[in-house]
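Comments concern the structure below.
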Amino acid sequence: MRSELKKGEKELLTVRPHWLVMVKPFLITIFLLIITAIAYHYEQSGIIAAVCLLATLPLLINLLYQHFKRKSNVWIVTNQRVIDEWGVFSRNAKESPLNRIHNKSYTQSFIGRFFDYGDVQIQTAAGEGISEHKMITHPKLLIDTITEAKNNLSDLADDSQECPRCAEVIKLKAQVCRFCGHEFNPTDPTSPKEVIADNADPKVQADTEKTAVNTDADNANQHQEDTNENLWANLTDDPPPTDK
């Protein structure tokens with residue numbers, strides 16, 4: 001796997017083309033090697049054997065290339081996305097977030113069911129295209145893993161929120177982000193300032209904030225009056241003077 005996992009991301013499944021894709025180039029290469037050995041044995045001619053061997057070299061190189069191609073051509077399913085990687089000399093990758101995967105299907109022939117391989121097709125949101133692979137190992141397990149991961153992501157979204165500062169996903173009831181320390185309710189959650197909706201009308205929001213400021217000022221004045229009354233009561237038995 002060449003792609004790096006994000007923070008909190010876990011790899012669930014990795015599949016690649018079945019080993020049967022190597023059978024055809026392997027058999028062709030072995031066949032030409034046998035022909036080379038027979039020609040040298042019966043003809044006793046180094047020229048014929050050399051010609052056959054030279055004809056086999058490209059097939060040997062192709063066999064080696066097909067091996068590394070199979071190793072590098074993988075589908076990785078995580079708890080957040082599906083990653084499609086391919087390329088031997090070049091590096092290519094295509095990512096499909098789970099919440100943008102709309103359709104997924106697989107087909108298996110009789111032999112495919114026996115050897116557990118098949119063709120898999122995944123379609124993402126409109127305009128993003130279709131990803132398809134032939135002779136993939138464990139096609140049913142791949143589809144089931146994507147379905148389960150997508151369902152788990154939906155359940156997590158209902159009980160989670162995204163931190164506006166670091167964009168990490170945390171619990172819906174969390175008051176402090178465990179990744180960056182951002183506080184969602186730094187003051188009293190019952191304060192009118194804290195219950196204002198993000199999409200509230202600006203005029204309503206301004207009136208609410210003004211009301212909150214006036215309320216805080218009235219509370220401060222009342223607290224000062226109570227303090228003065230207590231101080232006067234400790235110094236004299238007469239009632240405190242009142243403002244006319």
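The values are calculated or read from the model by the stated rules, or taken from the named source; none is laboratory data. The shown structure was predicted, so the numbers you read here are calculated from the model rather than taken from an experiment. Quick reminder, even Gly has a Cβ in these numbers, built from the backbone with ideal geometry, and neighbours come from all protein chains shown.
So that you can scan it fast, the table gives a plain yes or no per residue for (1) modelled with pLDDT under 75; (2) within 25 Å of Val77 (Cβ to Cβ); (3) assigned to a loop (DSSP other than H, G, I, E, B):
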position: Gly127; (1), (2), (3): yes, yes, yes
position: Leu142; (1), (2), (3): no, yes, no
position: Arg165; (1), (2), (3): no, no, yes
position: Asp188; (1), (2), (3): yes, no, yes
position: Ser191; (1), (2), (3): yes, no, yes
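Within the stretch 117-147, how many residues turn out to be out of contact with any Asp or Glu (no Cβ under 9 Å at 6 or more places or on another chain) and within 19 Å of Leu12 (Cα to Cα)?
7
Considering only the stretch 44-60, I want to know if a residue exists there that is under 18 Å from Met135 (Cβ atoms) and of a type in the set (Val, Ile, Thr). Before you say what the answer is, go through the steps one by one.
Applying the first criterion (under 18 Å from Met135 (Cβ atoms)) to the stretch 44-60 yields none.
No, that holds for no residue.
Just checking, does the stretch 98-107 include any residue being closer than 24 Å to Gly8 by Cα and modelled with pLDDT under 80?
No, that holds for no residue.
Scan the stretch 138-145 and give yes if some residue there is buried (at least 17 other Cβ atoms within 10 Å of the Cβ), closer than 20 Å to Pro17 by Cα and touching a Lys or Arg at 6+ places or on another chain (Cβ under 6 Å), otherwise no.
yes
Could you tell me whether the stretch 12-34 includes any residue that is closer than 30 Å to Cys180 by Cβ and touching a strand residue (DSSP E or B) at 6+ places or on another chain (Cβ under 6 Å)?
Yes, that holds for at least one residue.
Filter the stretch 15-44 down to residues that are among the aromatic types (Phe, Trp, Tyr) and over 15 Å from Leu60 (Cα atoms), then give me how many there are.
Here the count works out to 3.
Filter the stretch 103-114 down to the residues that are closer than 15 Å to Leu142 by Cα and loosely packed, with under 15 Cβ neighbours inside 10 Å and list them by number.
Asn103, Ser105, Thr107, Arg113
Taking into account only those residues within the stretch 49-62 that are aliphatic (A, V, I, L, M) and crowded, with 16+ Cβ neighbours inside 10 Å, which is modelled with the lowest pLDDT?
Looking at the filtered set, the residue picked out is Ala49.
Could you check, for the stretch 23-35, whether at least one of its residues is surrounded by 14 or more Cβ atoms within 10 Å (Cβ to Cβ), touching a Cys at 6+ places or on another chain (Cβ under 7 Å) and of a type outside the set (Lys, Arg)?
Checking the stretch 23-35: at least one residue is surrounded by 14 or more Cβ atoms within 10 Å (Cβ to Cβ), touching a Cys at 6+ places or on another chain (Cβ under 7 Å) and of a type outside the set (Lys, Arg).
Name the one entry in Arg70, Arg81 that is within 12 Å of Pro17 (Cα to Cα) and touching a helix residue (DSSP H, G or I) at 6+ places or on another chain (Cβ under 7 Å).
Arg70
Residue-wise test of (1) part of a helix (DSSP H, G or I); (2) in contact (Cβ under 8 Å) with a residue 40 or more places away in the chain.
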| position | (1), (2) |
| --- | --- |
| Glu4 | no, no |
| Val21 | yes, yes |
| Pro25 | yes, yes |
| Leu33 | yes, no |
| His41 | yes, no |
| Lys71 | yes, yes |
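Quick one: what pairs do we get from the stretch 79-101, first residue of a type in the set (Phe, Trp, Tyr), second surrounded by 14 or more Cβ atoms within 10 Å (Cβ to Cβ), C-beta under 6 Å, 6+ apart or different chains?
The qualifying pairs are Trp86/Asn73.
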